[in-house]
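Enquirer: Take a look at the following structure, please.
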Amino acid sequence: MSEEGSARERALAATGDELAVLLHHASADVLLALLDNPAMEETQLCLLLERKNLPSEILEEVARRKPLLKSYRVKRALAFHPRTPRLISLRLLRDLYLMDLVQVAIVPGVSAELKRNAEDQLLARLPQLPLGQKITLARRGPARVAGALLAEGHEQVVSIVLDNPYMTEAQILRALSREKPPTSMIPAIAHHHKWSITYNVRLALVRHPSAPLATILSYLPELTVSDLRELAAPGMLPESLRQYLQAEVQRRMRASQKAASENAPAKEPPASNRE
């Protein structure tokens, strides 16, 4: 019998230390035999699934065996393995716990499709989640989930989700594009240490009908003249606010003209006067 054949025979009945050694065998046939070993328990199987170089046929075989997938640890290890076939990974996502889905969505090395699908799963679960889990997601969830939580506008969640390291300007702007946002959202963004000084967010707040007038007026000096003119166009903002914007444009124009005249070189007197 060949060396590999002998190892395969041992794999079918190995226990203890010998079984632990065979978990690292290079042959796919030997590893497949281990799956038929009655001594192979959840712990050993999870150790096997930690091997990043595991042949894909082993992963496929584990996924085919429904009794093995009754273990959540096995299911999770299979879903997270970089060599697990795409369709198997997508199917397993449906059964992952909330924070494991978050891990799939944020860890490097996971395919874009898998990340997107994990985010979709999280978004689908949001309406049924208790407040405590929403707060946990607000701290650590991926950008799309953070944006959805912001748009929900729960008072205890909004202040937390704005500090989420995965939150993006695009998600803030998407939330501000809503005509009727939650009452807690606008002031929270307007007073946030990061988002309140982001130019495009300030511009979106000025455009928003729910933004406090005092906040809008404090932003006007920071906006460009071209943006002020666009905002002051008829129909863009309430007439009372348009007057403030037009006044700011006029103030800028006068200041610019004054600076230009002060910096202009003095004209030389006519030659006859110099004589």
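The values are calculated or read from the model by the stated rules, or taken from the named source; none is laboratory data. What you see is a predicted model, and the numbers here were worked out from it, not measured in a lab. Glycine gets a Cβ as well: all are built from the backbone with ideal geometry, and neighbour counts include every protein chain shown. These area figures cover heavy atoms from the full protein model, side chains too; ligands, DNA and RNA do not enter into them. Shrake-Rupley method; radii C 1.70, N 1.55, O 1.52, S 1.80 Å.
Enquirer: Do you know which residues across the range 137-150 are within 21 Å of residue 187 (Cβ to Cβ) and open to solvent by less than 20 Å² (accessible area, probe 1.4 Å)?
Expert: Passing the criteria: 138, 146, 147, 149, 150.
Enquirer: With respect to residue 158, determine if the residue is more than 15 Å from the chain's Cα centre (by Cα) and either surrounded by fewer than 20 Cβ atoms within 10 Å (Cβ to Cβ) or outside any loop (DSSP other than H, G, I, E, B) (or both).
Expert: In short, yes.
Enquirer: I've got another one for you. Taking the conditions exactly as written (surrounded by fewer than 20 Cβ atoms within 10 Å (Cβ to Cβ) and in a helix (DSSP H, G or I)), does residue 182 satisfy them or not?
Expert: Spelling it out, it is not the case that residue 182 is surrounded by fewer than 20 Cβ atoms within 10 Å (Cβ to Cβ) and in a helix (DSSP H, G or I).
Enquirer: Tell me which residues, restricted to the range 228-254, are small (Gly, Ala, Ser) and either at pLDDT 90 or above or open to solvent by 50 Å² or more (accessible area, probe 1.4 Å) (or both).
Expert: 235, 240, 247
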